[in-house]
Amino acid sequence: MIRHYRQFILTGLTLVCLMCPLSGKSQAHEATQLILNYEKLTQMKKILQNMYEGYVILNNGYNSVKDITEGNFKLHEAFLNGLLSVSPEVRKYYRVAEIIRVQQWIINEYQSTYKEVKKDIVFTPAELAYLGDVYAGLFKTSLQNLDELAMILTAGELRMSDFERLEAIDRLHLEMSGVLVSVREFNSEISAVYNRRVRMKKEQETIGTLVGINP
C-alpha cells in the first residue's frame with residue numbers, strides 16, 4: 001500500500017511541474033523555477049523513500065516478533081502437552097508392579113485374619129465392629145494410593161515430567177509399604193489376643209468338664 005501511495009504522489013508532483021503555465025517572466029526565472037521544482041520533487045521522493053524503508057523495517061520487525069512469540073507459544077504448548085503423555089519407561093517401572101502386589105497382600109492378609117478371628121466367639125460384636133473399622137481405614141488408604149497411581153500412569157490426566165512421575169511412584173510405593181506394615185502389625189496384635197482368648201476358653205471348658213466329673 002505504501003508503494004502505491006508513493007507512486008501516486010510522485011506522479012502527481014511530476015504532472016504539476018509539467019503543467020505549470022508559462023508566464024511572461026524571463027527565461028532565466030523560468031529555468032530557476034523549474035530547477036526549484038525539480039529539487040522539491042527530488043526531496044519529496046527522498047522523504048517518501050525514507051518513509052517506505054522505515055515502514056519495511058517496522059513491518060519486518062513486527063513480523064519477526066510475532067513469529068517469535070507464536071513460536072514460543074507453540075513450543076510452550078507442545079511442552080505442556082508432552083507432560084500429559086506417559087513414557088513406556090514410566091509404565092514399566094518395577095515399583096508399579098510392586099505397588100499392585102502389595103495391595104494384593106494387604107487384601108489377602110487382613111481378610112484372612114478377620115475371617116479367622118470371627119470363626120470362634122472370642123470377640124464381642126463391638127470389638128469385631130472396631131476391627132472392621134480399622135481394616136476399612138487401612139484398605140481405603142491403599143485404594144487411594146492405587147487411584148493416584150492410575151492417574152499418574154494415564155495419559156492426559158496429569159502434567160508431569162517422567163522424573164516427577166517416577167518420584168510420585170516411589171512415594172506411593174513407600175506409603176503402600178507402610179500400609180502393609182500397619183496391617184501386619186495390627187494382625188499380629190489381633191492374632192495374639194485371639195490365641196490367648198481361645199486358650200483361656202479351652203482351659204475354662206476343661207476345668208468345667210473336670211468339675212462336672214469330680215464332685
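List of remarks:
- The condition (being among the charged types (D, E, K, R) and within 30 Å of Val90 (Cα to Cα)) is satisfied by just one residue among Lys140, Lys118: Lys140.
- For Val122: the one exception among (1) touching a residue at least 60 places away in the same chain (Cβ under 8 Å); (2) part of a helix (DSSP H, G or I): (2)
- Subset of region 160-179 [in contact (Cβ under 8 Å) with a residue 12 or more places away in the chain and surrounded by fewer than 19 Cβ atoms within 10 Å (Cβ to Cβ)]: Met160, Ser161, Asp162, Leu166, Ala168, Asp170, Glu175, Ser177
- Of the set (1) surrounded by 12 or more Cβ atoms within 10 Å (Cβ to Cβ); (2) modelled with pLDDT of 90 or more, all apply to Tyr94 but (1).
- Qualifying residue in region 137-160 (condition: over 30 Å from Ser85 (Cα atoms), modelled with pLDDT of 90 or more and β-branched (Val, Ile, Thr)): no
- So Thr154, is it of a type in the set (S, T, N, Q), buried (at least 16 other Cβ atoms within 10 Å of the Cβ) and out of contact with any Pro (no Cβ under 8 Å at 6 or more places or on another chain): no
The values are calculated or read from the model by the stated rules, or taken from the named source; none is laboratory data. Everything numeric here is computed off the predicted structure, so don't read it as measured data. Positions of Cβ are generated from backbone atoms using ideal geometry, with glycine treated the same way; all protein chains shown enter the neighbour counts.
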